[in-house]
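The values are calculated or read from the model by the stated rules, or taken from the named source; none is laboratory data. These numbers come from a predicted model, not from an experiment. A quick note on method: Cβ atoms are made from the backbone with ideal geometry, for glycine too, and the neighbour counts reach across all protein chains shown. With ligands, DNA and RNA removed, areas are computed over all heavy atoms of the protein, side chains included. Shrake-Rupley method; radii C 1.70, N 1.55, O 1.52, S 1.80 Å.
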Amino acid sequence: MSRIGRMPIAIPAGVTVEIAENNKVTVKGPKGELSRVLVPEMEIKMEGEAVTVSRPNDLKRNRALHGLTRTLINNMVVGVTAGYAKKLEINGVGYRAAKNGKGLTLSLGYSHPVEMLDPEGVESMVEGNVITVSGIDKEKVGQYAAEIRDKRRPEPYKGKGIKYADEVIRRKVGKSGKK
């Protein structure tokens, strides 16, 4: 039995969860509303102040989807109550970011500035050399943060580039300089 899949999802006060046909789950909370169509094989039920997910049988596909389905619903509940945020750090001489409206302008050592638009439901903020990407959908926040990081990944010699705040860059030694 899936350890994650069998855990009930506690619904906090102020959050409503609706389960429609074809496993369309809609979660409404103080920060907004998220809905998602989940796999029809899983049985999603409201039991009091908790949501439980169960699988019909022990086929390999159903075992794999059991924990995933529970986690996706839990991420929606956490998103509409607390939200998600990812912090990115810019390291390098002359590397900087600026916010203009819904856009993000990155100066990353290229011959041109890199322009990015915030996706629907995701917001970015710039404070010095730190970019904070926040929103209620964990998937969109992580995807946008990854796209920003891809514009200039950190390099292993000087550590220049855009990295996650909690990321550790494996450093390499440079040339030895001996003849």
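D by Stokes-Einstein for segment 35-132, Kirkwood Rh over Cα pairs, 10 °C, 1.306 mPa s: 93 µm²/s. Only helices enter this figure: runs of n ≥ 4 DSSP H residues, each worth -39500 (n - 2.57), summed and divided by the residues of the chain, yield -6500 deg cm²/dmol at 222 nm to the nearest 500.
Can you give the Rg to Rh ratio for segment 45-87, taking only C-alpha atoms and Rh from Kirkwood?
Rounded to two decimals, Rg/Rh equals 1.09.
With every protein chain in place and a 1.4 angstrom probe, the accessible-area ranking of SER54, SER176, largest first, reads SER176, SER54.
The gain in end-to-end length when the GLU155 to VAL37 segment is fully stretched comes to 38.5 nm, 0.36 nm per residue minus the alpha carbon separation.
GNM on the chain, alpha-carbon springs under 10 angstrom: the most fluctuating residue among ASN91, ASN22, ASN129 is ASN22. Extension gain for the segment ALA10 to LYS60, taken as residue separation times 0.36 nm less the Cα-Cα distance, is 15.3 nm to one decimal. Normalised Debye scattering of the chain at q = 0.09, 0.20 Å⁻¹ gives log10 I(q)/I(0) of -0.46, -1.18, counting only Cα atoms as equal scatterers and leaving out solvent.
Each of ARG3, ARG63 has its accessible area taken with a 1.4 Å probe; listed largest first, they run ARG3, ARG63.
Using a simple spin-label model with pseudo-atoms 7 Å out from Cα toward Cβ, ALA82 and GLU49 lie 1.8 nm apart. Calculated accessible area for the chain comes out at 62 Å² per residue, all protein chains present (probe 1.4 Å; ligands, DNA, RNA ignored). Given +1 at the Cβ of Lys and Arg, -1 at the Cβ of Asp and Glu and no other charges, the dipole of segment 21-153 around its Cα centre is 360 debye to the nearest 20.
Measure nothing fancy, just the Cα-based angle from helix 60-81's long axis to the longest principal axis of the chain, in degrees from 0 to 90, nearest 10. With rounding to tens, the tilt is 70 degrees. Note on segment 1-157: dipole from Cβ charges, positive end direction compared against ALA98, LEU72, VAL15; the farthest Cα belongs to LEU72. The convex hull around the C-alpha trace of segment 1-41, projected and averaged over every direction, spans 3.6 square nanometres.
Projecting label points 7 angstrom from Cα along Cα→Cβ for GLN143 and GLU120 puts them 1.1 nm apart.
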